[in-house]
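What follows is one structure encoded as structure tokens, with my remarks underneath.
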Amino acid sequence: MSTSAPPARTRPATPSAPGSLWRGITHPIALVKWFWLAYMTPGRPGRATAQTELNWIYLAWLGAFLLKMLGSSWDVSWHFRWLRDDLAPPHLLNSAGTAIVIGLVVFHSYTGYGVDKKALRLMQWGIGAFLIAVPIDILNHRINGLDITSWSPSHALLYLGTAIMLAGAIRGWWLYAAPGRVRDLVALGLWLFFVENALFPNQHQEYGVLSLRAYNAGQTTAEPQLLDFAAAQGQSPAMFMLPVPSWVHPTWLICAGLLSLVVARKMVRLRWTATTIVAVYLAYRAVMWLILVGMGFPPSVLPFVLLAGAVVVDLCVTYRVPGWLAGLLTTGVVYGVGFAQESVGLLPPWNWWSALPAAVGFALLWAAVDLLERSAWLAHWRTADEPASVSPTAA
């Protein structure tokens with residue numbers, strides 16, 4: 001008696017891709033079904049990816065970091081009004097972005113689409129560092145009580161993890177995206193999130209200077225329970241509103257924020273890369289200021305001085321000013337504009353004696369970037385580990 005073999009299981013037919021971004025957003029179930037059937041198959045890094053699909057993948061990266069940026073911006077203002085809460089709305093919004101990032105890293109790791117080995121490792125190490133920092137930060141709050149400062153070690157690990165995973169996304173996109181306007185726009189978006197993450201700790205002083213001013217004037221923007229808890233921990237309002245020395249804000253703005261812009265300008269190579277990123281960043285901060293203040297949350301000062309530095313960065317790179325000289329010139333301009341902004345009470349206190357060491361440090365960092373730009377190591381780094389061929393349907 002013969003038995004026939006069971007019929008082979010066939011993979012469901014892949015539905016057609018969404019015709020437009022709007023159609024995909026308005027039909028999320030169809031979008032997810034198409035994406036799952038078409039792309040959730042195992043593969044190695046460097047796997048061929050059509051440009052249309054690559055655009056969708058990295059659009060998801062932009063969306064994830066937009067959620068994280070919105071959550072973190074709200075979180076700073078929240079902490080200057082309320083006691084900390086693990087399940088506070090800004091934490092949940094940030095966590096939603098983190099969940100999407102985790103899904104994207106799992107997707108890249110399983111399928112190999114849109115990344116080479118180096119980009120994938122950066123994404124994996126970055127999200128790993130971030131996830132390790134989360135329970136450390138929660139434990140830190142449990143042990144130390146109120147931890148409003150953005151400058152704690154557990155927070156630094158969060159920023160570092162975010163920077164590493166963004167570096168992986170920037171590398172993957174730049175290696176495999178077809179040259180053109182879309183490539184430039186997405187690259188600018190990813191660099192915007194990188195710069196925002198680098199500058200994020202400075203928001204503590206930018207909120208703190210106005211919160212302390214309001215407290216001293218008898219018009220505090222903090223809830224009594226926050227002030228009472230701080231007092232019970234032995235902290236004065238000044239200690240948790242301006243917890244770091246006055247040289248930290250300008251030095252970090254220059255040596256972390258502007259240095260990130262130097263690298264972005266040299267990589268993207270559009271004439272006004274740094275200026276565009278900072279203009280969008282400040283516009284975003286201004287819109288969030290209006291929304292948050294309208295919701296009753298404390299205000300902050302905006303670091304408009306950053307725009308002056310970004311313009312000088314773009315000009316120095318365009319006209320090939322040596323890094324050591326460009327660093328000195330940029331720092332001088334930033335401190336000059338910063339003096340004017342602080343004099344009208346629109347910056348945290350700056351230590352003007354820090355101008356010289358900040359200038360020397362930034363000059364050395366910029367010179368190091370110039371040396372790296374001309375190195376054989378960077379030429380090798382710019383090459384994908386597994387060059388991905390693009391499918392005939394790529395744009």
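Of all residues in region 273-290, which are loosely packed, with under 14 Cβ neighbours inside 10 Å and over 18 Å from the mean Cα position of the chain (by Cα)?
The one that is loosely packed, with under 14 Cβ neighbours inside 10 Å and over 18 Å from the mean Cα position of the chain (by Cα): 290.
When you scan region 313-328, do you find a residue that is modelled with pLDDT under 95 and not charged (D, E, K, R), even just one?
No, that holds for no residue.
Pull up region 211-249, narrow it to residues that are part of a helix (DSSP H, G or I), out of contact with any helix residue (DSSP H, G or I) (no Cβ under 7 Å at 6 or more places or on another chain) and under 19 Å from residue 348 (Cα atoms), then point me to the one that is modelled with the lowest pLDDT.
239
Is there a residue in region 322-332 that is assigned to a loop (DSSP other than H, G, I, E, B), buried (at least 17 other Cβ atoms within 10 Å of the Cβ) and touching a residue at least 60 places away in the same chain (Cβ under 8 Å)?
No, region 322-332 has no match at all.
To keep it simple, each residue is scored yes or no on (1) surrounded by fewer than 20 Cβ atoms within 10 Å (Cβ to Cβ); (2) free of Cβ contacts under 8 Å to residues at least 60 places away in the same chain; (3) of a type in the set (Asp, Glu).
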{"position": "340", "(1), (2), (3)": "yes, yes, no"}
{"position": "348", "(1), (2), (3)": "no, no, no"}
{"position": "352", "(1), (2), (3)": "yes, yes, no"}
{"position": "361", "(1), (2), (3)": "yes, no, no"}
{"position": "364", "(1), (2), (3)": "yes, yes, no"}
{"position": "368", "(1), (2), (3)": "yes, yes, no"}
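Please enumerate the residues belonging to region 305-321 that are assigned to a helix (DSSP H, G or I) and without any contact (Cβ under 8 Å) to a residue 40 or more places away in the chain.
Hits for region 305-321 are 307, 308, 311, 312, 315, 316.
Take region 293-319 and flag every residue that is buried (at least 20 other Cβ atoms within 10 Å of the Cβ) and either over 26 Å from residue 362 (Cα atoms) or of a type outside the set (A, V, I, L, M, F, W, C) (or both).
297, 298, 300, 303, 309, 314
Can you pull out the residues in region 280-297 that are without any contact (Cβ under 8 Å) to a residue 12 or more places away in the chain and hydrophobic (A, V, I, L, M, F, W, C)?
Hits for region 280-297 are 283, 287, 290, 291, 293, 295.
What pairs come up if the first residue lies in region 251-277 and is assigned to a loop (DSSP other than H, G, I, E, B), the second is acidic (Asp, Glu), and their beta carbons are under 8 Å apart, counting only those six or more places apart or on different chains?
Close Cβ pairs satisfying both conditions: 270/184; 271/314; 272/314.
If you take the residues in region 34-62 that are within 16 Å of residue 127 (Cα to Cα) and surrounded by fewer than 18 Cβ atoms within 10 Å (Cβ to Cβ), which one is nearest to the chain's Cα centre (by Cα)?
Top of the filtered list is 62.
Given the criteria within 20 Å of residue 122 (Cα to Cα) and crowded, with 22+ Cβ neighbours inside 10 Å, does residue 174 qualify?
No, not satisfied.
Does region 80-93 include one or more residues that are surrounded by 21 or more Cβ atoms within 10 Å (Cβ to Cβ), touching a residue at least 60 places away in the same chain (Cβ under 8 Å) and either over 16 Å from the mean Cα position of the chain (by Cα) or within 30 Å of residue 302 (Cβ to Cβ) (or both)?
Narrowing region 80-93 to residues surrounded by 21 or more Cβ atoms within 10 Å (Cβ to Cβ): 80.
Pick out the ones that are also touching a residue at least 60 places away in the same chain (Cβ under 8 Å) and you get 80.
From what is left, the residues that are either over 16 Å from the mean Cα position of the chain (by Cα) or within 30 Å of residue 302 (Cβ to Cβ) (or both) are 80.
Looking for residues that are surrounded by 21 or more Cβ atoms within 10 Å (Cβ to Cβ), touching a residue at least 60 places away in the same chain (Cβ under 8 Å) and either over 16 Å from the mean Cα position of the chain (by Cα) or within 30 Å of residue 302 (Cβ to Cβ) (or both), one finds at least one in region 80-93, hence yes.
Just to be sure before I move on: is residue 151 of a type in the set (Phe, Trp, Tyr) and either in contact with a Lys or Arg (Cβ under 9 Å, 6 or more places away or on another chain) or at pLDDT 95 or above (or both) in the structure I sent? Even if it seems obvious, please write down each step before you answer.
Numbers: of a type in the set (Phe, Trp, Tyr): yes; either in contact with a Lys or Arg (Cβ under 9 Å, 6 or more places away or on another chain) or at pLDDT 95 or above (or both): no.
Considered against the rule, which asks whether it is of a type in the set (Phe, Trp, Tyr) and either in contact with a Lys or Arg (Cβ under 9 Å, 6 or more places away or on another chain) or at pLDDT 95 or above (or both), residue 151 comes out as no.
The values are calculated or read from the model by the stated rules, or taken from the named source; none is laboratory data. Here the structure is a predicted model, which is why all the values come from computation and not from measurement. All Cβ positions, even for glycine, are placed from backbone atoms using ideal geometry, and neighbour counts span all protein chains on display.
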